[in-house]
Amino acid sequence: MTQHHPLDNPVWSSLATTHAHLAEGTGDGRRFPVDVSPFSGVADQGDPRGWHDLADVAGPGVLLLVPALAVTPPEGFTVTARLPGVQLVATDALRTEPSPHAVELGDQDVDDMLDLVSRTQPGPFGRRTRLLGRYLGIREDGRLLALAGERLHPTGATEISAVCTDPSARGRGLATSLVRAVAQGVRDRGELPFLHAAAHNTGAIRLYESLGFALRRTLDFATVRTPGTPAP
């Protein structure tokens with residue numbers, strides 16, 4: 001199956017273009033370093049060559065996270081789990097603006113980012129995830145209370161991700177202000193802001209829809225094991 005729109009195969013589009021400098025592999029199957037993102041992608045999910053390129057990169061018996069899995073992988077690969085999800089894109093109703101309280105986060109903030117993510121579980125986030133794009137946070141008395149940033153960067157679009165707020169600071173609109181601020185930066189580049197969410201996370205989906213995002217498609221976040229037995 002050939003995907004024609006970058007958002008149909010966003011991981012591959014990101015790995016093959018904007019994030020090619022981070023990609024492991026140069027063929028039709030590539031992945032991010034595990035401390036950047038657990039995501040992997042192939043150029044054409046219907047072509048076994050891409051899957052075998054990916055297996056060569058990852059090694060035997062390795063679990064890979066393949067968002068937007070739309071086909072059954074070739075023989076030898078095993079789909080071990082599927083999580084239904086949604087992809088949302090910004091509409092003209094999305095109001096974007098800088099956040100007066102947001103600061104740009106860098107290397108010196110990684111420990112605080114990892115701590116907040118571990119307590120709020122917005123999705124995969126590693127020690128080098130911030131290399132994927134611009135991350136903004138809101139601090140109060142030095143403590144990081146909220147976070148949002150850029151993750152996948154397929155052609156013409158940027159994913160807003162890691163949206164989270166410390167439980168003690170919820171209900172104050174911090175996540176909303178950060179989503180609008182990150183989206184402002186995306187639009188300033190002439191790109192489309194978009195989001196992914198687990199289908200069961202109805203509260204987050206309602207929030208994003210209220211801000212002006214709309215459902216583009218449903219998809220499966222799938223875990224796929226490469227053929228063979230892991231090296232001892």
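The values are calculated or read from the model by the stated rules, or taken from the named source; none is laboratory data. Treat the numbers as computed from the prediction; the structure is a model and nothing was measured. Every residue, glycine among them, receives a Cβ derived from its backbone with ideal geometry; neighbour counts consider all protein chains shown. Keep in mind that these areas ignore ligands, DNA and RNA; they rest on the heavy atoms of the full protein, side chains included. Shrake-Rupley method; radii C 1.70, N 1.55, O 1.52, S 1.80 Å.
Points to keep in mind about this one:
- The calculated pair-distance distribution of the range 102-195 uses every alpha carbon pair, bins of 10 angstrom beginning at 0, and gives 17, 54, 26, 3 percent.
- Principal axis analysis of the Cα atoms in the range 161-226 yields extents of 41, 35, 22 Å, listed in decreasing size.
- Projecting label points 7 angstrom from Cα along Cα→Cβ for THR17 and LEU114 puts them 3.2 nm apart.
- Heavy-atom accessible area, probed at 1.4 angstrom with all protein chains present, ranks HIS4, HIS200, HIS153 as HIS4, HIS200, HIS153, highest first.
- Of the residues LEU152, THR96, GLN108, the one whose Cα sits farthest toward the positive end of the charge dipole of the range 94-153, with +1 on the Cβ of Lys and Arg and -1 on the Cβ of Asp and Glu, is LEU152.
- Cα gyration tensor, the range 1-51 - rounded (a/c under 1.5), prolate or oblate: prolate
- Highest mean first, the peptides 34-43, 180-189, 133-142 sorted by other C-beta atoms within 10 Å per residue fall in the order 34-43, 180-189, 133-142.
- The charge dipole of the range 52-204, taken about its Cα centre with unit charges on the Cβ of Lys, Arg, Asp and Glu (plus for the first two, minus for the last two), comes to roughly 360 debye.
- DSSP bridge pairs, the range 124-229: antiparallel proportion in percent, nearest 5: 75
- Accessible surface area normalised per residue over the range 81-232 is 47 Å², counting heavy atoms of protein chains with a 1.4 Å rolling probe.
- Which of VAL110, VAL57 is most accessible, then next, and so on - probe 1.4 Å: VAL57, VAL110
- Taking packing as the residue-averaged number of other Cβ atoms within 10 angstrom, the listed peptides 65-77, 206-218 run from highest to lowest as 65-77, 206-218.
- Rounded percent of accessible protein surface that carbon and sulfur make up, the chain, 1.4 Å probe: 50
- The range 75-119-the range 123-172 distance, computed between alpha-carbon centres (Å): 6
- Helix-only [θ]222 nm of the chain, DSSP H runs n ≥ 4, -39500 (n - 2.57) each, per residue, nearest 500: -7000 deg cm²/dmol
- In the range 1-134, taking the dipole from charged Cβ atoms about the Cα centre, the farthest positive-side position among GLY123, GLY133, GLY41 is held by GLY123.
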